[in-house]
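The values are calculated or read from the model by the stated rules, or taken from the named source; none is laboratory data. Please read these numbers as outputs of a predicted model, since none were measured by experiment. We place every Cβ from the backbone using ideal geometry, glycine too, and count neighbours over all the protein chains shown.
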Amino acid sequence: MRALEERLHREDPRFAEALAHGRPCRPREYRHGRAWLLTGFGLVLLGIGIAVGDGLLIATGLVTAGLGGHLFDPPHGPRAPRR
């Protein structure tokens, strides 16, 4: 149990600390604030680009929305990088 507790604390200290106090927060894999923000910003850029008719703005909106969508996928593997 001790090894499991230490591993949890190393992987997500915020979650482990909140769990110790009896008020757990969502694990890091399920926190998507930045992903929603980036996706929303990309969709706004895309909409403005379509309304104005600017190809560069449309492309920027698509790329930004794609980057935001990529952040929704949690990292996989034993040594996945932290975000």
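Side notes on the structure shown:
Residue-wise test of (1) at pLDDT 75 or above; (2) under 28 Å from residue 5 (Cβ atoms).
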site	(1), (2)
19	yes, yes
22	yes, yes
27	no, yes
35	yes, no
46	yes, no
49	yes, no
64	yes, no
69	yes, no
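- In the stretch 15-33, the residues that are exposed (fewer than 12 other Cβ atoms within 10 Å of the Cβ) and either closer than 26 Å to residue 73 by Cβ or in contact with a strand residue (DSSP E or B) (Cβ under 8 Å, 6 or more places away or on another chain) (or both): 30, 33
- Every residue from the stretch 45-66 that is surrounded by fewer than 15 Cβ atoms within 10 Å (Cβ to Cβ) and closer than 21 Å to residue 35 by Cβ: 47, 48, 59, 63, 66
- Conditions (1) surrounded by 11 or more Cβ atoms within 10 Å (Cβ to Cβ); (2) more than 15 Å from the chain's Cα centre (by Cα); (3) at pLDDT below 85; number of the one not met by residue 12: (2)
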